[in-house]
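Trainee: What follows is a structure written as structure tokens; I'll ask about it next.
The values are calculated or read from the model by the stated rules, or taken from the named source; none is laboratory data. Since the model is a prediction, treat every value here as computed from it, not as a measurement. Neighbour counts run over all protein chains shown; Cβ positions are idealised from the backbone, glycine included. Ligands, DNA and RNA are stripped out before the accessible areas are found, and what is left, the full protein with its side chains, is counted by its heavy atoms. Shrake-Rupley method; radii C 1.70, N 1.55, O 1.52, S 1.80 Å.
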Amino acid sequence: MATRNTLHVEVVTAERELYNGEATLVSAPGSEGRLGILPRHAALLTTLAPGDLRIELNGAEEPLFVSGGFLEVSDDNVTVLADTAEHAEEIDHARAEEARRRAQERLAQAQSNVERAELQAALERAIARLRVAELTRRRGRRRIETPPSEQ
């Protein structure tokens with residue numbers, strides 16, 4: 001339950017729940033720019049762009065990659081419904097780099113605007129995944145510890 005100084009945050013995809021707990025800050029890649037959500041934030045519903053979603057609590061951080069989706073803020077509750085998402089440490093750097101390379105090669109050979117747009121989106125997702133993995137590796141901040149019953 002959120003206190004006056006925290007938010008309750010839930011991050012889910014169709015496949016799994018990635019985070020369910022408290023936070024003092026949520027930083028998200030909104031489709032119109034970066035969002036910073038603090039306790040007592042106004043109600044909000046927005047779409048997400050591919051990028052890093054950071055959940056902070058007491059100096060610790062839970063870095064996630066989201067490929068897009070929706071974020072809702074209401075009464076100190078933040079709900080993220082992500083298309084796909086993964087914890088930063090789950091990102092396979094070699095696989096993400098290969099996806100980036102493959103998307104760039106295919107983009108150069110795209111035959112239609114639709115194909116070009118799809119490949120550009122795939123390239124942006126791959127680059128965002130690589131960026132999340134690299135930022136997390138460089139920061140090396142302490143992870144948020146959640147009780148085993150909440151994972």
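So that you can scan it fast, the table gives a plain yes or no per residue for (1) farther than 15 Å from GLY69 by Cβ; (2) open to solvent by 40 Å² or more (accessible area, probe 1.4 Å); (3) part of a loop (DSSP other than H, G, I, E, B); (4) touching a Gly at 6+ places or on another chain (Cβ under 6 Å):
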position: ARG4; (1), (2), (3), (4): yes, yes, yes, no
position: HIS8; (1), (2), (3), (4): yes, yes, no, no
position: VAL11; (1), (2), (3), (4): no, no, no, no
position: ALA14; (1), (2), (3), (4): no, yes, yes, no
position: ASN20; (1), (2), (3), (4): yes, yes, no, no
position: ALA28; (1), (2), (3), (4): no, no, no, no
position: PRO39; (1), (2), (3), (4): yes, no, yes, no
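Trainee: Please enumerate the residues belonging to the stretch 41-51 that are surrounded by 14 or more Cβ atoms within 10 Å (Cβ to Cβ) and within 13 Å of the chain's Cα centre (by Cα).
Mentor: Matches in the stretch 41-51: LEU48, ALA49, PRO50, GLY51.
Trainee: So which residues in the stretch 60-75 are open to solvent by 30 Å² or more (accessible area, probe 1.4 Å), under 21 Å from THR6 (Cβ atoms) and of a type outside the set (Ser, Thr, Tyr)?
Mentor: GLU72, ASP75
Trainee: Of the residues in the stretch 55-97, how many are charged (D, E, K, R), in a strand (DSSP E or B) and within 15 Å of GLU10 (Cβ to Cβ)?
Mentor: The qualifying residues number 2.
Trainee: Considering each of GLU56, GLU62 in turn, give the residue that is closer than 18 Å to ARG138 by Cβ and out of contact with any Leu (no Cβ under 6 Å at 6 or more places or on another chain).
Mentor: GLU62
Trainee: Here's another thing I want to ask about it. Inspect the stretch 75-98 for any residue being within 16 Å of the chain's Cα centre (by Cα), more than 19 Å from ARG125 (Cβ to Cβ) and at pLDDT 90 or above and give the result as yes or no.
Mentor: Looking for residues that are within 16 Å of the chain's Cα centre (by Cα), more than 19 Å from ARG125 (Cβ to Cβ) and at pLDDT 90 or above, one finds at least one in the stretch 75-98, hence yes.
Trainee: Taking SER67 as the residue in question, decide whether it is in contact with a Lys or Arg (Cβ under 7 Å, 6 or more places away or on another chain), of a type in the set (Gly, Ala, Ser) and farther than 19 Å from ARG139 by Cα.
Mentor: Judged against the criteria, SER67 is a match.
Trainee: Checking the conditions here, which among ARG54, ARG100, ARG95 is touching a helix residue (DSSP H, G or I) at 6+ places or on another chain (Cβ under 8 Å) and open to solvent by 20 Å² or more (accessible area, probe 1.4 Å)?
Mentor: Only one candidate passes the filter, namely ARG100.
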